[in-house]
Amino acid sequence: GGPASLARFRGALVGAVLGDCVGGEFEGAEDVPMERVLQHLNGLEQDDRGDGILQYSDDTAMTRCVVQSLLTRGAFDQHDLAHRFAEEYRHAPGRGYGSGVIQVLRRLSSPRLTDVYQPARAQFGGRGSFGNGGAMRAAPFALAFSDPADIKRYSRLGAMLTHSCALGYNGAVLQALAVHLALQGALAVPQAFINSLISEMEDAEAEDHARSDARALNEPEFPYCTRLHKVKELMEKSTVSIEEVISELGNGIAALHSVPTAIFCVLHCLEPQGGLPDAYGGLQRTLAYCLALGGDTDTIACMAGAIAGAHYGIEAIPPAWQRCCEGAEEAEVWAEHLHQLYQRSPRGG
Ligand code: F2R
Ligand code: MG
Ligand code: MG
């Protein structure tokens with residue numbers, strides 16, 4: 001489809017759900033051989049699958065909250081979103097949430113709470129979380145708003161409900177911008193795509209809070225820009241090993257060690273890769289590659305799935321894969337409603 005087509009919206013949300021569901025198998029694993037990944041993915045094609053449906057985790061549970069809040073309110077509403085996060089956690093606490101964020105989710109349900117950003121600010125001795133929980137649920141902001149200024153503003157505020165550290169919320173900004181650019185067809189020129197992200201993140205990371213949080217964590221100034229430059233260097237190499245990707249970009253639970261990695265996975269898999277089936281399309285290659293990294297596979301695949309899905313569109317996702325994943329069918333419906341909301345936004349029509 002063309003820029004911001006419904007097929008791209010459907011691809012982005014279904015791609016995210018699929019990444020979460022298929023990636024859950026390897027979350028926390030080290031040294032995941034590609035054969036194991038392909039065996040897992042081949043299982044999705046079997047008619048007589050004994051394993052049943054793959055369940056989604058916190059990544060999709062919180063993304064659902066963002067989608068439902070944006071659709072119900074027709075705008076960003078921090079009180080409504082905070083309430084939905086808290087209620088979702090209360091109803092289904094076993095979705096594999098981060099061990100820190102559950103304290104925020106419990107406190108967000110207090111009727112006495114007036115400042116919904118306060119519980120997140122109190123995390124980790126007042127430093128706030130740098131986890132990737134804000135970024136993993138950021139895609140809907142790129143699907144509800146067409147103006148990059150709105151996307152940056154609301155993905156940041158949406159993440160700050162649980163992640164007040166700049167390295168946490170700027171990961172969400174980067175992820176939302178990557179989905180936005182992919183939706184516009186910008187991945188057709190990969191160098192321009194990464195340069196646009198660097199230029200946007202230079203602005204985001206110039207802010208005082210971002211600079212002081214990077215210093216406090218002994219990270220270089222402009223940590224996301226530094227990582228995105230590493231992505232560019234890796235893109236220019238003729239061969240890149242999985243070990244190199246992990247050591248240069250990371251595969252961990254910190255947003256800084258997973259959002260640039262997810263972006264790299266999408267870029268790297270734009271072309272066919274050795275070790276992956278020739279029959280695989282780009283989105284299938286991307287998800288398989290994310291899983292083979294090990295580490296935070298559900299979240300890296302969820303984020304890469306959203307970006308790749310926005311690029312390739314829903315046609316790139318095998319129906320058999322969708323049928324195996326909890327929430328994939330519902331994601332198609334969200335995509336249609338978000339597409340309508342997007343078209344009503346100032347630059348969306
Ligand atoms: N939690 C997981 N996976 C662990 C295994 C779950 C297992 N499947 C199960 O069911 O038990 N996955 C999910 O968590 C990630 C998103 O986490 P989020 O929302 O960012 O949580 P949190 O707690 O804020 O941060 C995660 C961890 O990062 C470290 N951390 C963050 N900020 C820190 C700081 N300022 N100082 C020190 N450490 C900090 C802590 O270890 C946090 O617990 C996704 O992977 C999602 O899939
Ligand atoms: Mg998860
Ligand atoms: Mg995870």
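Some notes on this structure:
- When we screen 115, 203 for residues that are more than 16 Å from ligand 3 (Cβ to nearest atom), surrounded by fewer than 16 Cβ atoms within 10 Å (Cβ to Cβ) and closer than 30 Å to residue 1 by Cβ, the only hit is 203.
- The set of residues from segment 184-228 being small (Gly, Ala, Ser), farther than 30 Å from residue 283 by Cα and in a helix (DSSP H, G or I) comprises 210, 212, 214, 216.
- Checking residue 102 against (1) loosely packed, with under 15 Cβ neighbours inside 10 Å; (2) away from ligand 2 (no atom under 16 Å from the Cβ); (3) assigned to a helix (DSSP H, G or I); (4) under 22 Å from the mean Cα position of the chain (by Cα), the condition it does not meet: (2)
Yes/no matrix, rows are residues, columns are (1) at pLDDT 95 or above; (2) aliphatic (A, V, I, L, M); (3) away from ligand 2 (no atom under 16 Å from the Cβ):
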| residue | (1), (2), (3) |
| --- | --- |
| 39 | yes, no, yes |
| 50 | no, no, yes |
| 62 | yes, yes, no |
| 73 | yes, no, yes |
| 81 | yes, yes, yes |
| 85 | yes, no, no |
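- The set of residues in segment 236-266 being within 15 Å of ligand 3 (Cβ to nearest atom), outside any loop (DSSP other than H, G, I, E, B) and among the polar types (S, T, N, Q) consists of 261 alone.
- One residue from 54, 18 being more than 14 Å from ligand 1 (Cβ to nearest atom) and either closer than 30 Å to residue 289 by Cβ or loosely packed, with under 15 Cβ neighbours inside 10 Å (or both): 18
- Restricting attention to segment 34-82, the residues being part of a helix (DSSP H, G or I) and touching a Ser or Thr at 6+ places or on another chain (Cβ under 8 Å) number 3.
- Selection status of residue 128, within 16 Å of ligand 2 (Cβ to nearest atom), touching a residue at least 60 places away in the same chain (Cβ under 8 Å), touching a Ser or Thr at 6+ places or on another chain (Cβ under 8 Å) and not in a helix (DSSP H, G or I): no
- Only one of the listed residues (273, 284) is more than 16 Å from ligand 2 (Cβ to nearest atom) and in a helix (DSSP H, G or I). That residue is 284.
- Just one of the listed residues (300, 317) is touching a residue at least 40 places away in the same chain (Cβ under 8 Å), under 30 Å from residue 238 (Cβ atoms), away from ligand 2 (no atom under 16 Å from the Cβ) and within 19 Å of the chain's Cα centre (by Cα), and it is 317.
- Within segment 287-323, the residues that satisfy the criterion of being within 14 Å of ligand 1 (Cβ to nearest atom), surrounded by 24 or more Cβ atoms within 10 Å (Cβ to Cβ) and not in a helix (DSSP H, G or I) are 293, 296.
- Condition check for residue 278: charged (D, E, K, R), out of contact with any Phe, Trp or Tyr (no Cβ under 7 Å at 6 or more places or on another chain) and within 14 Å of ligand 1 (Cβ to nearest atom): no
- Looking across 284, 273, one residue alone is closer than 30 Å to residue 318 by Cβ and surrounded by fewer than 19 Cβ atoms within 10 Å (Cβ to Cβ). It is 273.
- Top-ranked residue of segment 57-81 - restricted to ones that are within 16 Å of ligand 3 (Cβ to nearest atom) and not charged (D, E, K, R), ranked as surrounded by the most Cβ atoms within 10 Å (Cβ to Cβ): 60
The values are calculated or read from the model by the stated rules, or taken from the named source; none is laboratory data. Keep in mind that what you see is a predicted model, and the values were worked out from it rather than measured. Please note: Cβ atoms are built from the backbone with ideal geometry, for glycine as well, and neighbour counts cover all protein chains shown.
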